[in-house]
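Written out below as structure tokens is the structure these notes cover.
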Amino acid sequence: MLKNSLLIAASLLTLVAGPAAAQDRYQNRPPVVVSPDLTAPWVMQLGGQQPRARQVIYRQQIPQATRKQYYQQGQVAKPQVKRRAVNPLIQPANAMRAQRPVKSKFDPQYLPQTVAYESKEKPGTIVIDTNNRFLYLVTGNGEARRYGVGVGKPGFEWAGAHKVTRKAEWPSWTPPQEMITREAAKGHYLPARMDGGPENPLGARAMYLGSTLYRIHGTNAPWTIGYAVSSGCIRMRNEDVVDLYERVKVGTKVIVI
């Protein structure tokens, strides 16, 4: 009889203490924080007595299909875009790039390589995409040999079709008078003539374009490839201009876009 009474008392004590203990356990349970962004990976942070975790802020993602609706409803501020006049002869750039070259750095995308290139031009034609800083030597069969180039700085852009009228190895350089005057106004004094060599800004090879003052030539500043820094000439690394020089002949058609 006594044994049965003890069992009944123990059972009643368990029933009374159980909910209280469970309630206490859930009250002390650290909060669970779930990312409000349904497109983000599942992330859970435990707080409470644990060391405080760094707060994570999720940027609101706007579905592309409803972006216009968000702008119309005023839920998201529409970014202000300044537009500039577009030259129809210049192709859209394929990527954002820095505005100033960094000495001793060279972007590997501008190394010579064979790429897919559909063109109506005959094999052997040179096509220069000045906005994307690439020179293509059409090889046929939907391919071209591509080189990185430096192009004319703002105010010195140009486009047109010419032919290679002369080729020269380690060319001498005679700056045009307008360039001498322009640079003198900036405090830079150019020589009337400079013999060919490693210090010459025309580099190892030059291919002259028609009756213009423009050339495809090498450079002693290879880190400027991929930038708009010249006075209109198309510049290449010395290694690359030597390679191109050996592949083209006088009379080669050159298209600049």
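The values are calculated or read from the model by the stated rules, or taken from the named source; none is laboratory data. Computed from a predicted structure; not experimentally measured. Glycine gets a Cβ as well: all are built from the backbone with ideal geometry, and neighbour counts include every protein chain shown. Only protein heavy atoms, including side chains, enter the accessible area calculation; ligands, DNA and RNA are left aside. Shrake-Rupley method; radii C 1.70, N 1.55, O 1.52, S 1.80 Å.
Details
- Output for segment 226-236, where each listed residue is within 19 Å of TRP170 (Cα to Cα) and touching a Gly at 6+ places or on another chain (Cβ under 7 Å): SER230, ARG235, MET236
- Any hit, segment 212-224, residues being modelled with pLDDT of 95 or more, among the aliphatic types (A, V, I, L, M), farther than 14 Å from LYS163 by Cα and not in a strand (DSSP E or B): no
- Against the list (1) in contact with a strand residue (DSSP E or B) (Cβ under 8 Å, 6 or more places away or on another chain); (2) within 25 Å of LYS105 (Cβ to Cβ), the condition PRO198 fails is (1).
- Filter result for VAL241 (in contact with a Gly (Cβ under 8 Å, 6 or more places away or on another chain), at pLDDT below 95 and not in a loop (DSSP other than H, G, I, E, B)): no
- Long-range neighbours under 9 Å by Cβ, at least six apart or interchain, first residue modelled with pLDDT under 90 and basic (Lys, Arg) within segment 191-211, second assigned to a loop (DSSP other than H, G, I, E, B) and surrounded by fewer than 21 Cβ atoms within 10 Å (Cβ to Cβ): ARG193/SER172; ARG193/THR174; ARG193/PRO175
- Among the residues of segment 188-225, those identified as of a type in the set (Ser, Thr, Tyr) and open to solvent by 50 Å² or more (accessible area, probe 1.4 Å) are TYR189, SER211, TYR214.
- Count - residues of segment 132-154 that are under 19 Å from TYR227 (Cβ atoms), at pLDDT 95 or above and assigned to a loop (DSSP other than H, G, I, E, B): 3
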